[in-house]
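Note sheet for the following structure.
Bear in mind that the values in this text are calculations on the coordinates, not laboratory data. Keep in mind the model is a prediction, meaning the values are calculated, not measured. Cβ placement follows ideal geometry from the backbone for every residue including glycine, while neighbour counts extend to all protein chains displayed.
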Amino acid sequence: MSRDPDCIFCKIVAGEAAAHKVYEDEHTLVFMDIFPVADGHTLLIPKAHSSDLFDADPTALAALMQTSHRVAAALRRVVEPEGMMVFQLNGAAAGQTVFHYHMHLLPRWAAQPLALHTRKPGDPERLRELASAIAGALD
Ligand code: 5GP
Ligand code: ZN
């Protein structure tokens, strides 16, 4: 499996960096965003390294999309948002900050301002609780 030794998400895949993991299978890993823009902000990544959409393996992306459908439903059951944003940034000009392909699942409430990033880290206890609750709510 392709890997970039300097990539933080590859380190999470390898178990060399910590993450609040929700789910994993052969192709995909799902974990909580450590700087959540909203409660329940979740990331999905292909386990194999690719920097963005353009060099990602379409088979891995198809698997990730299948998984996202299940995870989004579980996330919705857990945090009961008013809406959910799915986004994926390619290149610094698009706002990408981690250069390992990832999809964001971002629960939305109309009263909260729309943002793609924050510098405020999530409460570790809440991230742990969410990861376990979303895992438990998967079909
Ligand atoms: P991007 O801006 O590239 O679309 O999103 C990168 C996301 O990764 C950001 O939302 C950021 O908060 C998150 N992130 C950055 N470093 C880490 C990390 O070490 N662990 C986790 N769980 N999330 C991270
Ligand atoms: Zn990587």
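Some values worked out for this structure:
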| item | result |
| --- | --- |
| Flag for Pro107 being part of a loop (DSSP other than H, G, I, E, B), touching a helix residue (DSSP H, G or I) at 6+ places or on another chain (Cβ under 8 Å) and within 14 Å of ligand 1 (Cβ to nearest atom) | no |
| Conditions (1) more than 10 Å from ligand 1 (Cβ to nearest atom); (2) out of contact with any helix residue (DSSP H, G or I) (no Cβ under 8 Å at 6 or more places or on another chain); number of the one not met by Leu44 | (2) |
| Residues satisfying the stated conditions in region 8-19, i.e. in contact (Cβ under 8 Å) with a residue 60 or more places away in the chain and either surrounded by fewer than 20 Cβ atoms within 10 Å (Cβ to Cβ) or basic (Lys, Arg) (or both) | Ile8 |
| Matching residues, region 41-98, being in contact with an Asp or Glu (Cβ under 9 Å, 6 or more places away or on another chain), touching a residue at least 40 places away in the same chain (Cβ under 8 Å) and over 22 Å from Gly15 (Cα atoms) | Arg70, Ala73, Ala74, Val79, Pro81, Gln96 |
| Check on His49, in contact with a helix residue (DSSP H, G or I) (Cβ under 6 Å, 6 or more places away or on another chain) and more than 13 Å from ligand 1 (Cβ to nearest atom) | yes |
| Criterion: of a type in the set (A, V, I, L, M, F, W, C), more than 12 Å from Leu130 (Cβ to Cβ) and either more than 13 Å from the chain's Cα centre (by Cα) or within 10 Å of ligand 2 (Cβ to nearest atom) (or both) - qualifying residue of Val13, Val37 | Val13 |
| Residue count for region 20-36, restricted to those that are within 11 Å of ligand 1 (Cβ to nearest atom) and in contact with a Lys or Arg (Cβ under 9 Å, 6 or more places away or on another chain) | 7 |
| Number of the condition not met by Gln96 [criteria: (1) within 16 Å of ligand 2 (Cβ to nearest atom); (2) assigned to a helix (DSSP H, G or I); (3) of a type outside the set (Ser, Thr, Tyr); (4) more than 12 Å from the chain's Cα centre (by Cα)] | (2) |
